[in-house]
Structures are given as C-alpha cells and as structure tokens.
Amino acid sequence: MSHLIAELVDLLKRLPGLGPRSAQRLVYHLLREDRTAAQRIAETLAAAVVRVRHCSECNAFTESDLCVRCTDPARDASQLCVVETPADLEAIEASHVFHGRYYVLMGRLSPLDGVGPRELQVDRFLERATRTEVQEVILATNFTPDGEATAQWLAQRLRALAPNLRITRLARGVPVGGELEYADPATIAYAWHDRRFSDVL
Ligand SMILES: [Zn+2]
C-alpha cells in the first residue's frame, strides 16, 4: 500500500461509521473511479474547515457571525429550543412545528466520555436561555440515557437561575433510546405538541 493511501485510510477509519475496511474501500473508490469527486471533496473540506464556524447566538454551524435562523425576524424569540446536534435541529425543522429560536449544544453531557458542563460550554447556553425575551425553553435533547440526563441537568440549572422560565420537554412519540435525527417528522410533531413541564420528569 502506498504511503499516502495508508495515511488516508488511517485518517478516515477514525470517523464515525467507518472502520478500516470501509475506509480503504472509500479511498480506493475515489482514486480509481472518481478522481474529480476526490478533488472536489478535498477542496470543499479545506474551505469548510477555514470558513465554517459556530453562530455566536445559537452555536449552530454558519459561515458568518450569525446564522440565517438567528437573523430571521419572523422567528419567535420567546421560545428557545435546545438540541444536541445540527442534525437534530434539521429534524425538528422538517416537522414544521416550531418557529422559535434554537440553541445547539454540539453534544451532550456524558461523564463516562469526559464531557462535563465545561467541555460542553453549558454556560453559553445558560446565558442565552436566561435572557429576558425567553419565556419558554424546550429541552429537545435525545431520549438516550445521556440525552435524558442532560435535559434533567439543564432543567435544574435553569430553574435555579430563572424560576419563572417555562421549561418543557418533548413527550411521548419519540421512542425511548431514540434519536431525533432518525425520527419521522410526524412523530416529532406529535411529541412536540405533547411536551410537558420538565418538573414532572
Ligand atoms: Zn444562529
């Protein structure tokens, strides 16, 4: 195996969903069948690494200081929905139930993986969520053990910081252990309309 190919496989096999075999298959495919695509992937990835950053309001990916959702005056500033990932945000958007603002944690609290409040920069979210215009925070972290624990932790902190804030959590519809990214829009819409005050958790 050439040195460059070995290095590429070594880099790719660490990505989620790719093992050594699929990484090798991918590299061979790009170099043997589709060098134009390989070139474009390399160039686009290089540009994205330089230009894509986090929105200073919602933490989602953007190429400017604020993302399009945060600069959209039609979105309701009194509701703030917190999700784990940009994919979860897109899943909620696809359900068309929500027209407020978002905050993307870019992960979840996961003590076993060494992700605590500091690693997740939770203070940024708490600052965002306790601004005067926010009346309701919707906890839309996933229904996995870590996602549930994150929702409970955030609810406790928010209740301490802003006792009058309405804090809700998506309800039934999303299966236990389920991730929003893989739920269909109708299921998310159902869970959305049935959301509960988080103090019943
Ligand atoms: Zn934003």
Sequence-distant or interchain residues sharing an amide H contact under 5 Å with Ile167, placed H: which? Val137, Ser198
Counting pairs of alpha carbon atoms under 8 Å apart in space and at least six apart in sequence, what relative contact order in percent does the chain give? 16
Shape call, region 3-51: gyration tensor on alpha carbons, a/c limit 1.5: oblate
Using θ = phi - 60° and the Karplus form 6.51 cos²θ - 1.76 cosθ + 1.60, what ³J(HN,Hα) does each residue of region 59-67 get, whole Hz, x for Gly and Pro? 6, 6, 6, 7, 9, 10, 5, 10, 7
With every protein chain present, what is the per residue accessible area of the chain (1.4 Å probe, Å²)? 59
How would Ile5, Ile41 rank on accessible area, largest to smallest, probe 1.4 Å? Ile41, Ile5
Starting at the first residue of region 89-101, write each ³J(HN,Hα) from the Karplus equation 6.51 cos²θ - 1.76 cosθ + 1.60 with θ = phi - 60°, in whole Hz, x for Gly and Pro. 4, 5, 5, 5, 4, 5, 7, 6, 9, 10, 10, x, 9
Hey, can you grab everything whose amide H is under 5 Å from the amide H of Arg195? Only 5+ residues off in sequence or another chain; H modelled, so Pro and N-termini drop out. Ala171
How large is ³J(HN,Hα) for each residue in region 106-121, as worked out from phi by the Karplus curve 6.51 cos²θ - 1.76 cosθ + 1.60 (θ = phi - 60°), to whole Hz, x for Gly and Pro? 6, x, 8, 5, 8, x, 5, 9, x, 9, x, x, 6, 4, 7, 6
Carbon/sulfur accessible area of region 74-200, % of total, 1.4 Å probe, equals 52
If R0 = 22 Å, then Thr44 and Asp10, at their Cβ-Cβ distance, give a FRET efficiency to the nearest 0.05 of 0.55
Two-site label geometry, His3 and Arg51: point separation in nm, points 7 Å out along Cα→Cβ: 3.3
Three-way shape call for region 49-201 based on the alpha-carbon gyration tensor, with the a/c threshold at 1.5: rounded
In whole percent, what relative contact order does region 42-110 give with Cα contacts below 8 Å and a gap of six or more residues? 30
Using modelled amide H (1.01 Å from N, peptide plane; none on Pro or chain starts), what sits under 5 Å from the amide H of Tyr102, excluding residues fewer than 5 places away? Cys81
Residue among Pro185, Pro73, Pro20 with the largest mean-square fluctuation in a Gaussian network model of the chain, springs linking Cα atoms under 10 Å: Pro20
Accessible surface of region 3-51 [probe 1.4 Å, protein heavy atoms]: carbon and sulfur percent: 61
Highest average packing first - 31-38, 108-115, Cβ atoms within 10 Å: 108-115, 31-38
Using a 1.4 Å probe on the protein heavy atoms only, what accessible surface does His54 show? Give it in Å² to the nearest 10. 90
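The values are calculated or read from the model by the stated rules, or taken from the named source; none is laboratory data. The structure presented is a predicted model; accordingly, all values stated were derived computationally and were not measured. We place every Cβ from the backbone using ideal geometry, glycine too, and count neighbours over all the protein chains shown. Just so you know, the surface numbers come from the protein's heavy atoms only, side chains and all, with ligands and any DNA or RNA stripped out. Shrake-Rupley method; radii C 1.70, N 1.55, O 1.52, S 1.80 Å.
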